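Novice: Attaching a single structure in structure tokens format; questions to follow.
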Amino acid sequence: MENKKSDLVKVVPVLFGFFIMGFCDVVGISTSYFKRDFQLTETIANLLPTMLFLWFLLLSVPSALLMNVWGRKKTVLLSMVITFIAMLIPFVRYDFVTCLIAFALLGIGNTILQVSLNPLLTNVVKGNALTSSLTAGQVIKAISSFSGPFIAIFAVSYFGSWQYIFPIFAILTILSGVWLLLTPIHESSTSIKSSSVKGTFSLLTDKTVLLLFLGILFVVGTDVGINIVTPKLLIERCGLEISKAGFGSSVYFAFRTIGAFFGAFMLVKFSEIKYFRINIIISLLTLIILFFLSNQIAILVAVGLIGFTCSSIFSIIFSLALQLRPEKANELSGLMITAIFGGALIPPLMGIVADSIGSQNGSLLIILICMCYLVFCSFWLKNQNKKLLV
């Protein structure tokens, strides 16, 4: 009984780190405020998520190498410090340049956190409890993402400005960092063969690895794209104010959380690839319908269904990559995290097309292309790679 209490004392502060990980999704509602406050075009406003997610391309593999030298806990704490600084900048000085700098730092911190937090959890949770703990971490992250727009509404209502969301996030980050710092965690010193950046990226010469890498890129692009475009659709088609339109992002993340719970049970009965294929087809059909919707409730239902059906696709692709080459699990993990830079690549394309046609349907068109690739990916894996079937 005493050992269980001791384990819980170590697990809870690590799991709380997943709440900090979810702060990156505030970029959805922030982009709408950013565009309004500085009177920007769609193309320029969508530089905000680009500045955040670009660092997953540049820093994921180097962060994994740093973790081998510093240790997991110290690397997580470094990410907390960077995130804390990022959240202070736009509150101290709020302009176009400082916002870009803040979200770049948030991206750096989040990249390091995503690379190091999951491995740290393995130091405090063992055996069968690890899978459930990793799932719990993703649910906590989804709750954080879901809460962001509501925290923005709270900041507007009680402090008169949405910018107060940044010091709130800064306080939560420093509390999480201090809590983890004061928690004793033993990291076993195992001998692990060092990997190089070049060696890791050379795995992309395998066609299936490349297919899965692009799958992560496009599913993250879809995720970030829906997060960003939902408030804008509600503003454009339903005439809502930004603070109320932000509720759309919360609906998306709420259904993603429900979908993740549901998927955890369904994946016990269904093969990963079959579940992937069914869900992405439903999501694609829902997105096509979304092009023609103008009713607020109908838009929210469609967005919620997309969130529900896309919720497990990232983890499925990630799992398939690790199953493909178990002896290269560490390298493949860093490589797949690198593909999260799809969150930097897709939003600028959305902005360019939306500006060119003068409608958010342009943004939806880019997301549609992402989903079409994911449909192709699900069928290619089934037909061409029988060894990946579960």
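Coordinate-derived values only; no laboratory data. Everything numeric in this text was worked out from a predicted model, so none of it was measured. Reconstructed Cβ throughout: ideal geometry from the backbone, glycine too, with neighbour counts over all protein chains shown.
Novice: With helices defined as uninterrupted DSSP H runs, which ones in the chain have an alpha carbon span along their own long axis of at least 18 Å and mean Kyte-Doolittle hydropathy of at least 0.5?
Specialist: Helix filter hits for the chain: 2-21, 47-70, 72-92, 96-121, 129-159, 165-181, 207-238, 247-269, 272-290, 296-310, 342-357, 361-384.
Novice: Which of rounded, prolate, oblate describes the chain, given a ≥ b ≥ c as roots of the alpha-carbon gyration tensor eigenvalues and a/c under 1.5 marking rounded, otherwise prolate only if a/b is larger than b/c?
Specialist: oblate
Novice: Which value, in debye to the nearest 20, describes the size of the charge dipole of the chain about its Cα centre when Lys and Arg Cβ atoms bear +1, Asp and Glu Cβ atoms bear -1, and nothing else is charged?
Specialist: 920
Novice: Name the shape class, rounded, prolate or oblate, that the alpha-carbon gyration tensor gives for region 39-83, where a ≥ b ≥ c are the square roots of its eigenvalues, rounded holds for a/c under 1.5, and otherwise prolate holds if a/b is larger than b/c and oblate otherwise.
Specialist: oblate
Novice: Against the empirical 2.2 N^0.38 Å scaling, what ratio does the C-alpha Rg of region 72-128 come to?
Specialist: Ratio of Rg to 2.2 N^0.38 Å for region 72-128: 1.39.
Novice: Hey, how many Å between the Cα centroid of region 226-266 and the Cα centroid of region 268-320?
Specialist: First find each Cα centre; the distance between them is then 13 Å.
Novice: Using the alpha carbon gyration tensor of region 241-355, what are the three equivalent-ellipsoid semi-axes (square root of 5 times each eigenvalue), largest first, in whole Å?
Specialist: Those come to 29, 19, 13 Å.
Novice: So, in region 1-90, how many Lys pairs have Cα atoms under 25 Å apart, if the pair is 8 or more places apart or on different chains?
Specialist: Going through region 1-90 pair by pair, I get 6.
Novice: Positive end of the charge dipole of the chain (Lys, Arg +1 and Asp, Glu -1 on Cβ, about the Cα centre): tell me which of Ala45, Ile174, Cys99 has its Cα farthest that way.
Specialist: Positive-end residue among those listed: Ile174.
Novice: Going by how many other Cβ atoms sit within 10 Å of their own, how do Val26, Val69, Val9 line up, fewest first?
Specialist: Ordered by Cβ neighbours within 10 Å, fewest first: Val69, Val9, Val26.
Novice: Now for a different question. How would Cys99, Cys24, Cys238 line up from fewest to most surrounding beta-carbon atoms within 10 angstrom?
Specialist: Cys238, Cys99, Cys24
Novice: If you don't mind, another one. Sorting Met336, Met51 on the 10 Å Cβ count, fewest up front, what's the list?
Specialist: So the ranking, lowest neighbour count to highest, is Met51, Met336.
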